[in-house]
Amino acid sequence: RERESGYNISVTCADEGVPSLYSSVTLSLQISDVNDNVPVFDKSSYEASVQENNTPGLSIFTVRARDADFNQNARVSYILEDSSINGVPVSSLVSVSADSGVIHAVRSFDYEQIKDFQFRVKAQDGGSPPLSSNVTVKITIQDQNDNAPQVLYPVQSGASVVAEIVPRSADVGYLVTKVVAVDVDSGQNAWLSYKLQKATDRALFEVGLQNGEIRTVRQVTDKDAVKQRLTVVVEDNGQPSRSATVNVNVAVADSFPEVLSEFTDFTHDKDYNDNLTFYLVLALAVVSFLFIVSIIAILSVKCYRWRRERMFYKSGANLPVIPYYPPLYADVGGTGTLQHVYNYEVCRTTDSRKNDLKYSRPCSESIINLDTSGTQTLTHAQRERLNLDDCENQVRIIL
């Protein structure tokens, strides 16, 4: 079918008469398709480039595959095969459109982190079973001038002053120092040039345009100042150009004590010491204040507790003694008799406010006493008398 999708067949029927008569018919034959062809890409491999700092979702390029089959068997879909690049899934870098084969950037690329990567795209038709093929795609990241030069030497530090010493006997072309800088970009974006921006005496020093070497232009004389300050600008060759500045301190002297006297900044030390003294005094004042407040608070609590104890002690000595009467106890007419006939045991201690009471059975219960022989029963009057005696004996008060 891929060579000829159909045939037209003409059949002619003729008799043998004179003249011969005939008629003809045309038959149309269509060849049905079978999914016997795999998708084929236009190229065996693809390469594309994209500039760094791109916007996410940017369309990079398109891969295309064709299938020689027909209809559904020729419908191609594109799939990004799973892989990883430096431990990062390729799906987090790029994506591919299933219908059109357009490859998009998922995120913004950084040339300083990744310069190029490659992955595979699979083209699969819609037949049953489906047939597929794959192709390798390489993406190259193009550098942009997005990094300024970094000065490695001399090191810029605000805590101390570093100076290069030049003797007064130095000749023309004397190498004072060299400014060292790097640029993490690539190509012409990393080409650096050095220029002298400011100087205490511009006629005394010059800076090499390509190498950053600082040399003397003329002979050093006694009239030249000891303290020289140079400002060097380092520029790259990108578009637009980026730059960095560095300050270089130079001491024109023959002895170290002379250099030390010129570059010692007493004002800075004095300000630092004044600030330190102020903070120390402030901290001492705060600690002293908190200590005094704590002492006053402790003494106040002690005095408050002492006065409270004294108050309770004086009030406790004048409290009246309230006698305690057990339930169902009454003093009738001050005679000391009980309201009912009950049996109590009262235990009293030296503390008159505390006592223990023990309740016994009522004395009015009937008691039947037999004589030792067990043959005689007490009379009613004798039983009453015995009951009264028992009640009087059982009420005991222990002081």
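In region 43-81, what residues are within 30 Å of Gln144 (Cβ to Cβ) and without any contact (Cβ under 8 Å) to a residue 60 or more places away in the chain?
Across region 43-81, the qualifying residues are Asn54, Thr55, Pro56, Gly57, Leu58, Ser59, Phe61, Thr62, Arg64, Tyr78, Leu80, Glu81.
Residues in region 161-174: is at least one more than 30 Å from Val34 (Cβ to Cβ), open to solvent by less than 20 Å² (accessible area, probe 1.4 Å) and among the β-branched types (Val, Ile, Thr)? Don't jump to the end; show me each part of the working.
As a first pass, look at region 161-174 and keep what is more than 30 Å from Val34 (Cβ to Cβ): 161-174.
Cutting the leftovers down to open to solvent by less than 20 Å² (accessible area, probe 1.4 Å) gives us 166, 170.
Next, only the ones that are among the β-branched types (Val, Ile, Thr) stay: 166.
Yes, the conditions are met somewhere in region 161-174.
Of the residues that sit in region 30-44 and are within 16 Å of Glu2 (Cβ to Cβ) and touching a strand residue (DSSP E or B) at 6+ places or on another chain (Cβ under 9 Å), which one is least open to solvent (accessible area, probe 1.4 Å)?
Among them, the one singled out is Pro39.
Starting from region 204-219, keep only residues that are open to solvent by 70 Å² or more (accessible area, probe 1.4 Å), then list their pairs with residues that are charged (D, E, K, R) and not in a strand (DSSP E or B) whose Cβ atoms are within a distance under 9 Å, requiring at least 6 positions of separation or different chains.
Every condition considered, the pairs that remain are Gln219/Asp171.
Being in a loop (DSSP other than H, G, I, E, B) and on the phi > 0 side of the Ramachandran plot is the filter here, so list the residues in region 182-232 that pass it.
Gly212 - this is the single residue of region 182-232 that is in a loop (DSSP other than H, G, I, E, B) and on the phi > 0 side of the Ramachandran plot.
Criterion first (open to solvent by 80 Å² or more (accessible area, probe 1.4 Å) and out of contact with any helix residue (DSSP H, G or I) (no Cβ under 6 Å at 6 or more places or on another chain)) does Asp69 satisfy it?
no
Tell me which strands (runs of 3 or more DSSP E) are completely within region 1-51 and hold 3 or more residues being more than 30 Å from Arg120 (Cα to Cα) and among the β-branched types (Val, Ile, Thr), or say none if there are none.
Here the list reads 6-14.
Might you let me know whether region 142-154 holds any residue that is at pLDDT below 95, open to solvent by 40 Å² or more (accessible area, probe 1.4 Å), in contact with a Pro (Cβ under 9 Å, 6 or more places away or on another chain) and in a loop (DSSP other than H, G, I, E, B)?
no
Tell me yes or no: at least one residue of region 59-80 is part of a helix (DSSP H, G or I), on the phi > 0 side of the Ramachandran plot and either of a type in the set (A, V, I, L, M, F, W, C) or modelled with pLDDT under 95 (or both). Step through it out loud before you land on a result.
Of region 59-80, the ones part of a helix (DSSP H, G or I) are 71-74.
Subsequent filtering for residues that are on the phi > 0 side of the Ramachandran plot retains 71.
Those still in the list that are either of a type in the set (A, V, I, L, M, F, W, C) or modelled with pLDDT under 95 (or both) too: 71.
Yes, region 59-80 contains at least one residue that is part of a helix (DSSP H, G or I), on the phi > 0 side of the Ramachandran plot and either of a type in the set (A, V, I, L, M, F, W, C) or modelled with pLDDT under 95 (or both).
From the list Leu93, Leu27, exactly one residue is among the hydrophobic types (A, V, I, L, M, F, W, C) and surrounded by fewer than 11 Cβ atoms within 10 Å (Cβ to Cβ). Which is it?
Testing whether each residue is among the hydrophobic types (A, V, I, L, M, F, W, C) and surrounded by fewer than 11 Cβ atoms within 10 Å (Cβ to Cβ) leaves just Leu27.
Are there any pairs, at least 6 apart or on different chains, whose C-beta atoms fall under 6 Å, with the first in region 87-109 and on the phi > 0 side of the Ramachandran plot and the second open to solvent by 40 Å² or more (accessible area, probe 1.4 Å), and if so, which?
Note: pairs meeting the criteria are Gly101/Thr62; Gly101/Arg64.
The values are calculated or read from the model by the stated rules, or taken from the named source; none is laboratory data. The structure displayed is predicted, hence computed values, not measured ones. Quick reminder, even Gly has a Cβ in these numbers, built from the backbone with ideal geometry, and neighbours come from all protein chains shown. Only protein heavy atoms, including side chains, enter the accessible area calculation; ligands, DNA and RNA are left aside. Shrake-Rupley method; radii C 1.70, N 1.55, O 1.52, S 1.80 Å.
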